[in-house]
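For reference, the structure is listed below as structure tokens.
The values are calculated or read from the model by the stated rules, or taken from the named source; none is laboratory data. Because the structure is predicted, anything quoted here is derived from the model rather than measured. Note that each Cβ is placed from the backbone with ideal geometry, even for glycine, and that neighbours are counted across all protein chains shown. Surface accessibility is based on the protein's heavy atoms, side chains included, excluding ligands, DNA and RNA. Shrake-Rupley method; radii C 1.70, N 1.55, O 1.52, S 1.80 Å.
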Amino acid sequence: MQSPAGRSYEIRGMGMTEENLGKQLGILRKQQKISRKKLSEGLCRDSELALIEKGEGQAELFLLTALLERLGKSAEWLVCIVTAKEYEKLSALDEIEEALRFGRLKDARRTFEEYQRKNPAGRNRYRHIFEERISGILALEEYEDSLRSRQKERCPAEAETERKEEALTGAEKQERKVNSCFPLMQCCGKVCDARGDKEKKGRDAATAEQMYSLEKLEAADLHFHAALDQTLPSAELYSPAMILRLDKGEKLLALFEIENILLCLYTRRRLQGGQKLLPLLEALYRCLCRNSQDDWLRGQYLAKTGMLLGELYLEKNDYCTCIKVHEYILHRNRNSGMMVCVLPLLDQLITAYQELRHKEKVEYYLVHKENFETVFQEYGLFPECMSKLYYHCQMQQYYMEGSLIVAERKHRGISQEKLIEGIYKNTESLSRVENGRTNCDRKKFYMLMKRLEIDRVRFNADIITDEYRAIELERELENHLARQQFEEAGHELYILEKLLDMEKKCNRQLVLGMKNEEALRRRKIPWEEALGTAVKLLELTYSMDTAEGSIRYSRVPFRNEMYLFNQICIILRAAGRGEEAAEMLKKMLRTYEAAAGKKRFHFKALYLCAENLCGLLERSDCPKEAERLADLLIRERLARGELAQIHRVFRIKAEASRKGEKGKAYAERILRQAYLLCEWGGYVKEGSDIMDLIKEEYT
């Protein structure tokens, strides 16, 4: 497909080419009995969608993602093969949002301005959406930073006034807010009376600061509405008809549109008050519950919607509704192993239970809230970084086409002259592709991949399939394995094998690799046989020679390859060959470090590798090194709002701490933190094991 800058852009999704992805969109749309007009509204012309569904039209990744999300499906797990320039652009976007989340506004603005210079939006609608959104977020962060600065400078009398205001009822707070409008409006034209020049100057300075804050808030509001207007006219959003359309299923929204709507409502609430926005927020909540079929994304966007809903429910003293909504949202997030927006939701939930005098619930949620806050603080994070309306756990993975080609070519010992036969006229053309100086024509890229025996189409780098149900099964299977629910995983593995073409290499790697692990776990086969099977499966598509041949020609493995690599290391460790496993893991980590983007888009697979190495270091009497790596892993996991399996690294760190200088008491505290995280995330067996360990070793 053509990128906004007119460059070729390759996408692999759902085990099919870009053309087949379009056909699958058509199948999903017909299954849900949705018209082309309804699906494409605001995104593209219905005639353009018709061509995409026939496999004849080209579409940007952004558009394909939006269409999938409107059908309730996730595009987060798409694996994309992009050019070096596209990879650089994606890295810049990721850096901007990361800097914004962690309060590095100068870094974010500098990177954003550089991005704009290199990538002019022109007439590209989707790039305009991004630019307006980022501009709005910058203004909003500056507004909130200004508010925080003023709060630090408050005098004791102001603090006392705030304590009195906190004691007001919801109705009284709302009346006070309407009358004062953040004190921003009140101060606009007022001049101090005769209280002395010094007091007048202080108040003038405060007024100027408040005016600055108001300007930033208004600027953010304008930018967010400009972003929204690209696909949904904001006037239509605020009409009563929108609520009816959402409830009847006549209006479909992609998740980026819902995010833009929430940002608009966030600023409007602070400028104009919020109760009139409640019906629209409730309609969005119902829309997400009904339409989104992806638990991972639904949980995150429900949490964001719930934050705004909770504020309004508490204002009107509707504590029961607040509790009902938040309990459901937190349940969805806990099941998905996420911590996105967890602390604001807990704050609102605790307040509601306190008002209803439900002491037991208040104590339960306070324990978990305090544990989250302690954990965040200990790893140098402020909890607000997970509670941004514009942030969600990013799972998408990107690989550079040139890197894939050159790494496989070097590994197989194929010369450029041999590889280009019948494809390019001279080696200079291939060199430019391999070095990232030019893009590869799509048909030529397919031919090169075929000649290198690389599957050119994948979904989640695990399987090739035309059945969306197979994709969902694979993800459910992974979730059950993470929770050690082996019976459920075994049943899904059986169904998955029936749905997949087992002639495909990556399909065999996934299914037979999991079968191999299960057989070893049940002691049906010896470790020597399991090791041999895992090595053979990995070498179907990946060799360790590819991993660290040189910095320039290293290839980061796909996720299915990484699972097998980790399986090999785990078997080696269990067989008493820990040093060999540790060397393999270190080599793989160096490969990630050498890859462009510094692991940025390959985090999940890397986490498995680093976690195993951390465990090996702890067992091989390297407690300081193990603890250092554990700290890095925990911080990275927390920063991404992911709860799943984090308790395992806590447990490794506790054992390393006990062997090191920090001692037994510190290790016990780490284990108790891990236990609470297990309890929160529903990891019952792991939590029970940790508590047994505490009782046996620490009490």
Going toward the positive end of the dipole of the stretch 353-429, with +1 on Lys and Arg Cβ and -1 on Asp and Glu Cβ, which of Tyr390, Asn371, Gln416 do you reach last? Gln416
Cα-centred dipole magnitude for the stretch 337-463, charges only on beta-carbon of K, R (+1) and D, E (-1), debye, nearest 20: 920
Shape of the stretch 636-699, Cα gyration tensor, a/c cut at 1.5: oblate
From the square roots a ≥ b ≥ c of the eigenvalues of the alpha-carbon gyration tensor of the stretch 564-699, which class results: rounded (a/c under 1.5), prolate (a/b over b/c), or oblate? prolate
Too long at a 25 Å Cα-Cα cut-off: which of Lys444/Lys505; Lys38/Lys73; Lys450/Lys515; Lys276/Lys304; Lys73/Lys248; Lys369/Lys653? Lys450/Lys515
Listed pairs Lys361/Lys685; Lys85/Lys504; Lys30/Lys443; Lys410/Lys443 exceeding 25 Å between Cα atoms: Lys85/Lys504; Lys30/Lys443
For the stretch 247-330: rounded, prolate or oblate by the Cα gyration tensor [a/c cutoff 1.5]: oblate
Give the peptides 314-326, 352-364 in descending order of average Cβ contacts within 10 Å, highest first. 314-326, 352-364
Check: C-alpha center the stretch 481-522 vs C-alpha center the stretch 642-699, spacing in Å is 29
Of the heavy-atom accessible surface of the stretch 338-438 (probe 1.4 angstrom), what whole percent is carbon and sulfur? 45
At what distance in angstrom do the alpha carbon centres of the stretch 237-274 and the stretch 524-538 lie from each other? 53
For the stretch 423-446 and the stretch 277-308, what is the centre-to-centre distance using only Cα atoms, to the nearest Å? 45
How far apart, in nm, are two points set 7 Å out from the Cα along the Cα-to-Cβ line at Glu56 and at Gln275? 5.6
Amide H contacts under 5 Å for Val82, placed H, 5+ residues apart: Tyr399, Met400, Glu401
Only Lys, Arg, Asp and Glu count, each charged at its Cβ (+1, +1, -1, -1), so figure out the dipole size of the stretch 209-337 about its Cα centre, rounded to 20 debye. 400
Put a dot 7 Å past each Cα toward the Cβ at Tyr212 and Arg523; how far apart are the dots in nm? 7.0
